[in-house]
Amino acid sequence: MSAVNNLAKKLVLKRDLSPEGRITNYKGRIRQALAAISANLTKLVLLNLLMVVACAPLIATYFVMRSQEAAAVAGLNFSTGIGVGFGISDDTLLAIERIYDIRLMGYGLAIFPTCLLVGLFASGLYYCCRNMLWNTKVKVVKHFFRGIKNNWYKFMLSFAWLGALATGFACSLITVLKETALNGSANAGWWVLMIFIGILALLSALYMMVGQGMYVTYKFKMKEYIVNTCCLTLLMILPALIVTLFFSGVMALSFVSIIGMFLLVVMVMIGFSAFAMFNLAFSQYATDNFIAYLYEEEQKAILKEQEKQAKQRNKEKKKQAQKNNYQGKKKKR
(Lines give C-alpha, C1' and ligand atoms only; values in the text may rest on other atoms or scores of the structure.)
Protein backbone atom coordinates (compact mmCIF):
# COMPACT_ATOMS: atom_id res chain seq x y z
CA MET A 1 0.00 0.00 0.00
CA SER A 2 2.86 2.37 0.77
CA ALA A 3 4.32 1.78 -2.70
CA VAL A 4 0.95 2.67 -4.26
CA ASN A 5 0.73 5.82 -2.15
CA ASN A 6 4.28 6.83 -3.09
CA LEU A 7 3.51 6.41 -6.80
CA ALA A 8 0.22 8.29 -6.45
CA LYS A 9 1.99 11.20 -4.76
CA LYS A 10 4.30 11.56 -7.77
CA LEU A 11 1.39 12.08 -10.17
CA VAL A 12 0.99 15.58 -11.60
CA LEU A 13 -2.66 16.46 -11.05
CA LYS A 14 -4.69 18.56 -13.46
CA ARG A 15 -8.20 18.57 -14.87
CA ASP A 16 -8.51 16.86 -18.22
CA LEU A 17 -9.75 18.54 -21.41
CA SER A 18 -13.21 16.96 -21.35
CA PRO A 19 -16.43 19.02 -21.12
CA GLU A 20 -17.74 19.93 -17.69
CA GLY A 21 -19.86 17.24 -16.10
CA ARG A 22 -18.25 14.22 -17.80
CA ILE A 23 -18.71 11.06 -15.75
CA THR A 24 -15.27 9.91 -14.56
CA ASN A 25 -16.37 6.79 -12.67
CA TYR A 26 -17.94 5.24 -15.78
CA LYS A 27 -18.64 1.52 -15.46
CA GLY A 28 -18.07 -0.66 -18.51
CA ARG A 29 -15.30 0.88 -20.61
CA ILE A 30 -15.53 -1.82 -23.29
CA ARG A 31 -19.25 -1.11 -23.65
CA GLN A 32 -18.46 2.62 -23.86
CA ALA A 33 -15.92 2.05 -26.66
CA LEU A 34 -18.29 -0.23 -28.58
CA ALA A 35 -21.06 2.35 -28.29
CA ALA A 36 -18.76 5.08 -29.63
CA ILE A 37 -17.70 2.85 -32.54
CA SER A 38 -21.30 1.98 -33.38
CA ALA A 39 -22.40 5.64 -33.30
CA ASN A 40 -19.50 6.85 -35.49
CA LEU A 41 -18.84 3.88 -37.76
CA THR A 42 -18.70 5.79 -41.05
CA LYS A 43 -16.32 8.41 -39.67
CA LEU A 44 -14.08 5.74 -38.18
CA VAL A 45 -13.88 3.92 -41.52
CA LEU A 46 -12.76 7.17 -43.20
CA LEU A 47 -10.17 7.75 -40.47
CA ASN A 48 -8.99 4.17 -40.86
CA LEU A 49 -8.39 4.70 -44.57
CA LEU A 50 -6.12 7.62 -43.68
CA MET A 51 -4.15 5.31 -41.38
CA VAL A 52 -3.82 2.78 -44.19
CA VAL A 53 -2.37 5.57 -46.35
CA ALA A 54 0.17 6.20 -43.57
CA CYS A 55 1.32 2.58 -43.97
CA ALA A 56 2.01 3.14 -47.69
CA PRO A 57 5.86 3.03 -47.40
CA LEU A 58 5.78 -0.41 -45.75
CA ILE A 59 3.09 -1.73 -48.11
CA ALA A 60 5.03 -0.52 -51.15
CA THR A 61 8.24 -2.02 -49.79
CA TYR A 62 6.53 -5.40 -49.35
CA PHE A 63 5.49 -5.59 -53.01
CA VAL A 64 8.88 -4.32 -54.22
CA MET A 65 10.60 -7.00 -52.13
CA ARG A 66 8.37 -9.69 -53.60
CA SER A 67 9.38 -8.71 -57.13
CA GLN A 68 13.06 -8.42 -56.16
CA GLU A 69 12.99 -11.86 -54.53
CA ALA A 70 11.53 -13.38 -57.69
CA ALA A 71 14.20 -11.66 -59.81
CA ALA A 72 17.02 -12.70 -57.44
CA VAL A 73 16.28 -16.41 -57.78
CA ALA A 74 15.16 -16.41 -61.42
CA GLY A 75 18.48 -17.60 -62.87
CA LEU A 76 19.38 -20.08 -60.16
CA ASN A 77 19.36 -23.85 -60.48
CA PHE A 78 17.57 -25.87 -57.82
CA SER A 79 18.10 -29.34 -59.30
CA THR A 80 20.37 -31.77 -57.47
CA GLY A 81 21.44 -33.73 -60.53
CA ILE A 82 19.66 -34.33 -63.83
CA GLY A 83 20.69 -37.54 -65.43
CA VAL A 84 24.14 -39.05 -65.77
CA GLY A 85 26.94 -36.64 -66.60
CA PHE A 86 25.11 -33.47 -65.73
CA GLY A 87 26.65 -33.27 -62.25
CA ILE A 88 25.07 -31.72 -59.16
CA SER A 89 23.99 -28.09 -59.12
CA ASP A 90 21.94 -26.71 -56.23
CA ASP A 91 21.66 -22.97 -55.57
CA THR A 92 19.12 -23.32 -52.74
CA LEU A 93 21.41 -21.84 -50.07
CA LEU A 94 22.36 -18.96 -52.37
CA ALA A 95 18.66 -18.27 -53.02
CA ILE A 96 17.91 -18.31 -49.28
CA GLU A 97 20.75 -15.89 -48.62
CA ARG A 98 19.61 -13.49 -51.35
CA ILE A 99 15.98 -13.54 -50.19
CA TYR A 100 16.88 -12.83 -46.57
CA ASP A 101 19.28 -10.05 -47.62
CA ILE A 102 16.50 -8.39 -49.62
CA ARG A 103 14.13 -8.63 -46.65
CA LEU A 104 16.76 -7.33 -44.27
CA MET A 105 17.36 -4.26 -46.41
CA GLY A 106 13.68 -3.69 -47.21
CA TYR A 107 12.31 -3.88 -43.68
CA GLY A 108 15.40 -2.16 -42.27
CA LEU A 109 14.75 0.86 -44.47
CA ALA A 110 10.92 0.93 -44.44
CA ILE A 111 9.78 0.30 -40.85
CA PHE A 112 11.15 3.44 -39.19
CA PRO A 113 9.79 6.06 -41.67
CA THR A 114 6.46 4.19 -41.74
CA CYS A 115 6.23 4.40 -37.94
CA LEU A 116 6.94 8.15 -38.08
CA LEU A 117 4.16 8.65 -40.63
CA VAL A 118 1.76 6.45 -38.64
CA GLY A 119 2.60 8.47 -35.51
CA LEU A 120 1.80 11.72 -37.32
CA PHE A 121 -1.56 10.42 -38.53
CA ALA A 122 -2.30 8.76 -35.18
CA SER A 123 -2.26 12.17 -33.47
CA GLY A 124 -5.27 13.15 -35.60
CA LEU A 125 -6.97 9.77 -35.23
CA TYR A 126 -6.75 9.76 -31.43
CA TYR A 127 -8.03 13.35 -31.25
CA CYS A 128 -11.14 12.41 -33.23
CA CYS A 129 -11.68 9.20 -31.24
CA ARG A 130 -11.38 11.19 -28.01
CA ASN A 131 -14.24 13.46 -29.07
CA MET A 132 -16.33 10.43 -30.04
CA LEU A 133 -15.70 8.83 -26.65
CA TRP A 134 -16.76 12.08 -24.95
CA ASN A 135 -19.88 12.39 -27.17
CA THR A 136 -18.79 15.75 -28.57
CA LYS A 137 -18.95 17.01 -32.14
CA VAL A 138 -16.55 15.43 -34.65
CA LYS A 139 -15.87 16.78 -38.13
CA VAL A 140 -13.41 14.28 -39.57
CA VAL A 141 -11.17 16.53 -41.68
CA LYS A 142 -11.26 19.53 -39.34
CA HIS A 143 -10.62 17.62 -36.12
CA PHE A 144 -8.14 15.22 -37.72
CA PHE A 145 -5.84 18.07 -38.73
CA ARG A 146 -6.48 19.93 -35.46
CA GLY A 147 -5.31 16.82 -33.64
CA ILE A 148 -2.15 16.73 -35.76
CA LYS A 149 -1.52 20.40 -35.08
CA ASN A 150 -1.89 20.04 -31.31
CA ASN A 151 -0.30 16.65 -30.70
CA TRP A 152 1.99 15.67 -33.58
CA TYR A 153 5.28 15.92 -31.67
CA LYS A 154 4.07 13.75 -28.76
CA PHE A 155 2.97 10.90 -30.99
CA MET A 156 5.96 11.14 -33.32
CA LEU A 157 8.37 10.89 -30.37
CA SER A 158 6.60 7.74 -29.17
CA PHE A 159 6.40 6.20 -32.63
CA ALA A 160 10.02 7.09 -33.42
CA TRP A 161 11.07 5.04 -30.39
CA LEU A 162 8.65 2.28 -31.42
CA GLY A 163 10.00 2.39 -34.98
CA ALA A 164 13.59 2.04 -33.77
CA LEU A 165 12.64 -0.98 -31.66
CA ALA A 166 10.58 -2.54 -34.46
CA THR A 167 13.44 -2.07 -36.93
CA GLY A 168 15.96 -3.60 -34.54
CA PHE A 169 13.69 -6.54 -33.72
CA ALA A 170 12.84 -7.23 -37.38
CA CYS A 171 16.48 -7.08 -38.48
CA SER A 172 17.68 -9.32 -35.65
CA LEU A 173 14.85 -11.81 -36.30
CA ILE A 174 15.61 -11.94 -40.03
CA THR A 175 19.31 -12.45 -39.27
CA VAL A 176 18.50 -15.29 -36.84
CA LEU A 177 16.26 -16.96 -39.44
CA LYS A 178 18.90 -16.49 -42.14
CA GLU A 179 21.75 -17.97 -40.12
CA THR A 180 19.55 -20.84 -38.94
CA ALA A 181 18.56 -21.66 -42.53
CA LEU A 182 22.16 -21.46 -43.81
CA ASN A 183 24.15 -22.84 -40.88
CA GLY A 184 21.65 -24.74 -38.77
CA SER A 185 21.84 -22.27 -35.88
CA ALA A 186 22.29 -18.56 -35.31
CA ASN A 187 24.94 -16.73 -33.32
CA ALA A 188 23.96 -16.40 -29.64
CA GLY A 189 24.54 -12.65 -29.82
CA TRP A 190 21.67 -12.22 -32.27
CA TRP A 191 19.36 -14.21 -29.98
CA VAL A 192 20.31 -12.05 -27.00
CA LEU A 193 19.79 -8.86 -29.02
CA MET A 194 16.41 -10.02 -30.31
CA ILE A 195 15.18 -11.01 -26.83
CA PHE A 196 16.46 -7.77 -25.30
CA ILE A 197 14.70 -5.66 -27.94
CA GLY A 198 11.55 -7.77 -27.46
CA ILE A 199 11.53 -7.01 -23.71
CA LEU A 200 12.05 -3.30 -24.41
CA ALA A 201 9.21 -3.43 -26.94
CA LEU A 202 6.88 -5.02 -24.36
CA LEU A 203 7.71 -2.35 -21.77
CA SER A 204 7.20 0.35 -24.40
CA ALA A 205 3.84 -1.16 -25.38
CA LEU A 206 2.76 -1.05 -21.72
CA TYR A 207 3.80 2.61 -21.59
CA MET A 208 1.95 3.46 -24.80
CA MET A 209 -1.19 1.63 -23.70
CA VAL A 210 -1.63 4.35 -21.06
CA GLY A 211 0.31 7.26 -22.54
CA GLN A 212 -1.21 7.46 -26.03
CA GLY A 213 -4.65 8.33 -24.71
CA MET A 214 -3.26 10.78 -22.16
CA TYR A 215 -1.63 12.81 -24.96
CA VAL A 216 -5.03 13.94 -26.24
CA THR A 217 -7.01 14.02 -22.98
CA TYR A 218 -4.63 16.10 -20.83
CA LYS A 219 -2.40 19.09 -21.40
CA PHE A 220 0.92 18.44 -19.63
CA LYS A 221 4.55 19.19 -20.30
CA MET A 222 6.39 16.29 -21.95
CA LYS A 223 8.21 15.47 -18.70
CA GLU A 224 4.88 15.36 -16.86
CA TYR A 225 3.41 13.02 -19.50
CA ILE A 226 6.33 10.65 -19.00
CA VAL A 227 6.16 10.76 -15.17
CA ASN A 228 2.38 10.29 -15.09
CA THR A 229 2.42 7.49 -17.66
CA CYS A 230 5.19 5.58 -15.88
CA CYS A 231 3.45 5.92 -12.51
CA LEU A 232 0.05 4.92 -13.89
CA THR A 233 1.53 1.96 -15.77
CA LEU A 234 3.04 0.67 -12.53
CA LEU A 235 -0.18 1.34 -10.62
CA MET A 236 -2.22 -0.46 -13.32
CA ILE A 237 0.43 -3.04 -14.24
CA LEU A 238 -1.84 -6.12 -14.25
CA PRO A 239 -4.70 -4.63 -16.35
CA ALA A 240 -2.16 -2.96 -18.66
CA LEU A 241 -0.30 -6.24 -19.12
CA ILE A 242 -3.51 -8.17 -19.86
CA VAL A 243 -4.68 -5.61 -22.45
CA THR A 244 -1.22 -5.41 -24.08
CA LEU A 245 -0.88 -9.19 -24.33
CA PHE A 246 -4.40 -9.44 -25.76
CA PHE A 247 -3.66 -7.03 -28.61
CA SER A 248 -0.23 -8.63 -29.11
CA GLY A 249 -1.96 -12.00 -29.44
CA VAL A 250 -4.33 -10.58 -32.04
CA MET A 251 -1.34 -9.29 -34.01
CA ALA A 252 0.37 -12.69 -33.71
CA LEU A 253 -2.70 -14.34 -35.22
CA SER A 254 -2.17 -12.25 -38.36
CA PHE A 255 0.69 -14.62 -39.26
CA VAL A 256 -1.75 -17.56 -39.42
CA SER A 257 -2.80 -17.84 -43.07
CA ILE A 258 -6.62 -17.92 -42.93
CA ILE A 259 -6.99 -15.81 -39.78
CA GLY A 260 -4.30 -13.46 -41.08
CA MET A 261 -6.31 -12.69 -44.23
CA PHE A 262 -9.40 -11.98 -42.13
CA LEU A 263 -7.46 -9.69 -39.77
CA LEU A 264 -5.91 -7.91 -42.75
CA VAL A 265 -9.38 -7.11 -44.10
CA VAL A 266 -10.48 -5.90 -40.65
CA MET A 267 -7.38 -3.70 -40.31
CA VAL A 268 -7.99 -2.11 -43.70
CA MET A 269 -11.65 -1.45 -42.89
CA ILE A 270 -11.62 -0.31 -39.26
CA GLY A 271 -8.74 -1.98 -37.38
CA PHE A 272 -6.66 1.12 -36.62
CA SER A 273 -9.67 3.16 -35.53
CA ALA A 274 -11.06 0.36 -33.34
CA PHE A 275 -7.69 -0.12 -31.63
CA ALA A 276 -7.39 3.63 -31.00
CA MET A 277 -10.89 3.72 -29.46
CA PHE A 278 -10.24 0.77 -27.12
CA ASN A 279 -6.81 2.16 -26.25
CA LEU A 280 -8.37 5.52 -25.36
CA ALA A 281 -11.05 3.82 -23.27
CA PHE A 282 -8.41 1.94 -21.28
CA SER A 283 -6.23 5.04 -20.89
CA GLN A 284 -9.24 7.01 -19.61
CA TYR A 285 -10.00 4.17 -17.20
CA ALA A 286 -6.49 4.55 -15.74
CA THR A 287 -6.46 8.36 -15.60
CA ASP A 288 -10.02 8.63 -14.25
CA ASN A 289 -9.26 6.23 -11.41
CA PHE A 290 -6.16 8.10 -10.30
CA ILE A 291 -5.46 11.53 -11.81
CA ALA A 292 -9.09 12.66 -12.12
CA TYR A 293 -10.09 11.20 -8.75
CA LEU A 294 -7.09 12.65 -6.88
CA TYR A 295 -7.56 16.01 -8.62
CA GLU A 296 -11.22 16.15 -7.53
CA GLU A 297 -10.25 15.22 -3.96
CA GLU A 298 -7.56 17.89 -4.00
CA GLN A 299 -10.04 20.50 -5.22
CA LYS A 300 -12.52 19.46 -2.53
CA ALA A 301 -9.80 19.82 0.11
CA ILE A 302 -8.83 23.27 -1.25
CA LEU A 303 -12.48 24.37 -1.32
CA LYS A 304 -12.98 23.10 2.22
CA GLU A 305 -9.89 24.98 3.40
CA GLN A 306 -11.06 28.15 1.65
CA GLU A 307 -14.47 27.86 3.34
CA LYS A 308 -12.76 27.32 6.68
CA GLN A 309 -10.57 30.39 6.16
CA ALA A 310 -13.60 32.43 5.07
CA LYS A 311 -15.47 31.44 8.24
CA GLN A 312 -12.42 32.34 10.31
CA ARG A 313 -12.20 35.74 8.65
CA ASN A 314 -15.92 36.37 9.21
CA LYS A 315 -15.53 35.36 12.83
CA GLU A 316 -12.61 37.74 13.27
CA LYS A 317 -14.57 40.54 11.57
CA LYS A 318 -17.48 40.01 13.97
CA LYS A 319 -15.13 40.09 16.94
CA GLN A 320 -13.53 43.26 15.63
CA ALA A 321 -16.94 44.83 15.01
CA GLN A 322 -18.05 43.94 18.54
CA LYS A 323 -14.83 45.35 19.94
CA ASN A 324 -15.21 48.59 17.98
CA ASN A 325 -18.85 48.86 19.08
CA TYR A 326 -17.90 48.36 22.73
CA GLN A 327 -15.12 50.99 22.51
CA GLY A 328 -17.54 53.45 20.88
CA LYS A 329 -20.07 53.05 23.69
CA LYS A 330 -17.34 53.44 26.28
CA LYS A 331 -16.24 56.79 24.79
CA LYS A 332 -19.82 58.08 24.82
CA ARG A 333 -20.01 57.43 28.56
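The values are calculated or read from the model by the stated rules, or taken from the named source; none is laboratory data. Quantities reported herein were computed from a predicted structural model and do not represent experimental measurements. Ideal geometry is used to build each Cβ from the backbone, glycine not excepted, and the neighbour counts take in all protein chains shown. Note: areas computed on protein heavy atoms with side chains; ligands, DNA, RNA excluded. Shrake-Rupley method; radii C 1.70, N 1.55, O 1.52, S 1.80 Å.
Remarks
- Flag for Asn135 being open to solvent by 60 Å² or more (accessible area, probe 1.4 Å), in a helix (DSSP H, G or I) and either without any contact (Cβ under 8 Å) to a residue 60 or more places away in the chain or closer than 30 Å to Val216 by Cα (or both): no
- Residue in region 181-191 that is of a type in the set (A, V, I, L, M) and modelled with pLDDT of 95 or more present: no
- Looking across Leu116, Leu165, one residue alone is farther than 23 Å from Pro19 by Cβ and open to solvent by 40 Å² or more (accessible area, probe 1.4 Å). It is Leu116.
- Applying the condition of being in a helix (DSSP H, G or I) and not basic (Lys, Arg) to region 219-230 and asking which residue is most open to solvent (accessible area, probe 1.4 Å) yields Ile226.
- Filter pass, Gly213 being open to solvent by less than 50 Å² (accessible area, probe 1.4 Å) and farther than 16 Å from Asn279 by Cα: no
- Residue match in region 201-222 (condition: closer than 23 Å to Thr287 by Cα, over 15 Å from the mean Cα position of the chain (by Cα) and basic (Lys, Arg)): yes
- Filtered residues of region 3-35 (kept if under 19 Å from the mean Cα position of the chain (by Cα), part of a helix (DSSP H, G or I) and either within 26 Å of Met156 (Cα to Cα) or without any contact (Cβ under 8 Å) to a residue 60 or more places away in the chain (or both)): Ala33, Leu34
- The one condition in (1) at pLDDT 90 or above; (2) closer than 30 Å to Leu109 by Cα; (3) of a type in the set (A, V, I, L, M) that Ala35 fails to fulfil: (2)
Residue by residue, here is whether (1) exposed (fewer than 15 other Cβ atoms within 10 Å of the Cβ); (2) hydrophobic (A, V, I, L, M, F, W, C) holds:
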position	(1), (2)
Ser185	yes, no
Leu203	yes, yes
Tyr207	no, no
Thr217	no, no
Leu232	no, yes
Met236	no, yes
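- Residue pairs whose Cβ atoms lie under 9 Å apart, sitting 6 or more positions apart in sequence or on different chains, and linking a residue in region 235-246 that is without any contact (Cβ under 8 Å) to a residue 24 or more places away in the chain to a partner that is open to solvent by 50 Å² or more (accessible area, probe 1.4 Å) and part of a helix (DSSP H, G or I), are Leu245/Leu202.
- Residues (among the small types (Gly, Ala, Ser) and either without any contact (Cβ under 8 Å) to a residue 12 or more places away in the chain or open to solvent by 90 Å² or more (accessible area, probe 1.4 Å) (or both)) located in region 187-200: Ala188, Gly189
- Filter result for Ile291 (of a type in the set (Val, Ile, Thr) and free of Cβ contacts under 8 Å to residues at least 40 places away in the same chain): no
- When Leu264 is tested against (1) aliphatic (A, V, I, L, M); (2) open to solvent by 80 Å² or more (accessible area, probe 1.4 Å); (3) in contact (Cβ under 8 Å) with a residue 60 or more places away in the chain, just one condition goes unmet, and that condition is (3).
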